[in-house]
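A.B. asks: Below is the structure I would like to discuss, written out as structure tokens.
Where a number appears in this text, it was derived from the coordinates with a stated rule and is not lab data. Computed from a prediction, not measured in an experiment: that's the story for all the values here. Cβ coordinates were reconstructed from backbone atoms using ideal geometry, including for glycine residues, and neighbour counts include every protein chain displayed.
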């Protein structure tokens, strides 16, 4: 790891000021992706601004309409929170599938969304549930938030403060994991909302998580796995690597989507 | 260089570190607590698992400066004098190790599993919970046995008899 200067921010304003002041500064939340990337020298920020001591960023709140999760809530907290389990059980289950127990004690929802790893789980949930990402500057709809591999519309001095997930009538996440790394080869999150059905896919897109509008349309009239029978996903634009070809991923999307709908109908 | 102070195995410690010093480097190289191991250095193998403020973390994926003010527990802190912790005793009795490289991380993870899941652990739960800890010798069979026995022994407070069952 290259040398850098460490700053411990005690508040959001101080954190954004530090990010403005130093070119090439990066915020660090749980650090479970950033620190390994820095060791591999895939990232080499000159300054790190630590968000871990900022108070009030890890709360979880359930209202009649939405589940609101603080950006610094750890995956373990989301997984075990009674409020998340009550409000959106599929989201609590998803958080328990991220990394391993020790990683889940450090990794955060805000960090995961800001990093936008194409195999991360939370981006699929944010897209399918129609989440709103609240930052130090604005509110961003999930549909507008992700901008390609490891890219989002966040500005360098902009920090996520919380994520608001509207409550869904039914939702489920099905993840086909790489057996070694446990990252998603394909993950599909389905959500039946009062006004629409959404289907979002992670792990498979060559430019990150995406929505599957053809599947959404098919499920709109009847939210049942049978509505997806015969539907296929083109392999073009899907990721292809040593773990799975684009064609295999395309096939898996159909399988995982049908399983997710079945699970949501419980 | 930033100064850090934390409590490690119940004792207050201080040290000057570089910003980039990992918690595991601080433990091993500054404090000479070499029971915590570095296996992969990429947060996959779990040889470096310690407890920070009561929860298991991979000390290769946390900066020493981030542990400032924290309570850290390493494998050196779990025994009571010359008496092994019931979980350590269970690994000994059940042949839960061969080369021993992964063992400190396995035991720290095992204690975290007991904290979260209780004392009656089935094999499936233990195997799922061990997804972040790699062992290249034993095939996990005896590690799973050790953790189940150690968890039960921790409930009874009688390490030797329970662990040997």
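A.B. asks: Averaged over peptide B:128-137, how many Cβ atoms belonging to another chain are found within 10 Å of each residue's Cβ?
C.D. replies: Per residue, the number of nearby Cβ atoms from other chains is 3 on average.
A.B. asks: Mind checking B:58-67 for the average number of partner chain beta-carbons within 10 Å of each residue's beta-carbon?
C.D. replies: Across the residues of B:58-67, the mean count of other-chain Cβ atoms within 10 Å is 6.
A.B. asks: Please give the residues of the range B:61-83, grouped as numeric ranges, whose backbone N is less than 16 Å from a label point set 7 Å along the Cα-to-Cβ vector of residue B:7.
C.D. replies: The answer is B:67-74, B:77-78.
A.B. asks: Can you tell me the FRET efficiency between residue A:65 and residue A:14 if r is taken as the Cβ-Cβ distance and R0 is 30 Å, rounded to the nearest 0.05?
C.D. replies: With a Förster radius of 30 Å, E is 0.40.
A.B. asks: To continue, here is another question. Provide the FRET efficiency to the nearest 0.05 for the residue A:80-residue B:123 pair, computing r from the beta carbons and using R0 = 22 Å.
C.D. replies: 0.50
A.B. asks: Ranking B:14, A:74 by Cβ neighbours within 10 Å, fewest first, what do you get?
C.D. replies: B:14, A:74
A.B. asks: For a footprinting-style exposure proxy, rank A:154, B:63 by other Cβ within 10 Å, fewest first.
C.D. replies: Least crowded to most crowded, the residues run A:154, B:63.
A.B. asks: Taking 0.36 nm per residue of sequence separation and subtracting the Cα-Cα distance, how much length would be gained by fully extending the chain between residue A:53 and residue A:138, in nm to one decimal?
C.D. replies: 28.3 nm
A.B. asks: Just want to confirm a number: the relative contact order over the range A:170-265, from Cα pairs under 8 angstrom separated by 6+ residues, in percent.
C.D. replies: Relative contact order here is 31 percent.
A.B. asks: A further question on this structure: I'd like the FRET efficiency for residue A:195 and residue B:82, computed as 1/(1 + (r/R0)^6) with the beta carbon distance as r and R0 of 60 Å, rounded to 0.05.
C.D. replies: About 0.35, to the nearest 0.05.
A.B. asks: Ok, one more. To the nearest 500 deg cm²/dmol, what mean residue ellipticity at 222 nm is calculated for chain A from DSSP H runs of n ≥ 4 alone, each contributing -39,500 (n - 2.57), summed and divided by the residues?
C.D. replies: Theoretical 222 nm ellipticity from helices: -9000 deg cm²/dmol.
A.B. asks: Please provide three numbers in whole Å: the alpha-carbon extents of the range A:60-166 along the principal axes, with the largest listed first.
C.D. replies: Over the range A:60-166, Cα extents along the principal axes are 33, 32, 22 Å.
A.B. asks: Let me make sure I get this right: for the protein assembly as shown, a, b and c are the square roots of the gyration tensor eigenvalues over alpha carbons, sorted descending. Under 1.5 in a/c it's rounded, otherwise prolate if a/b > b/c, else oblate. Which is it?
C.D. replies: oblate
A.B. asks: Same structure, new question: Any chance you could check the Cα centroid distance between the range A:1-54 and the range A:194-266 for me, in angstrom?
C.D. replies: What the calculation gives is 36 Å, centre to centre.
A.B. asks: Enter the per residue convex hull volume of the range A:170-265, computed from alpha-carbon coordinates, in Å³ rounded to the nearest integer.
C.D. replies: Each residue corresponds to 85 Å³ of Cα convex hull volume.
A.B. asks: Calculated from DSSP H runs of 4 or more alone, at -39500 (n - 2.57) each and per residue, what is the 222 nm mean residue ellipticity of chain B, nearest 500?
C.D. replies: -9500 deg cm²/dmol
A.B. asks: Assign one of three labels to the range B:86-164, namely rounded, prolate or oblate, based on the Cα gyration tensor with a ≥ b ≥ c the square roots of its eigenvalues; rounded applies when a/c is under 1.5, prolate when it is not and a/b is larger than b/c, and oblate otherwise.
C.D. replies: It is oblate, given that a/c is not under 1.5 and a/b is not larger than b/c.
A.B. asks: Per-residue Cβ counts within 10 Å, from other chains only, averaged over B:34-44: what number is that?
C.D. replies: So the per-residue partner count for this stretch is 2.
A.B. asks: Next question, about the same structure. Between residue A:241 and residue B:42, what is the label-to-label distance in nm when each label sits 7 Å out along the Cα-to-Cβ direction?
C.D. replies: Placing both labels 7 Å beyond Cα along the Cβ direction yields 1.1 nm.
A.B. asks: Of the peptides A:3-10, A:109-116, how do they stack up when ordered by the mean number of other Cβ atoms within 10 Å, highest first?
C.D. replies: A:109-116, A:3-10
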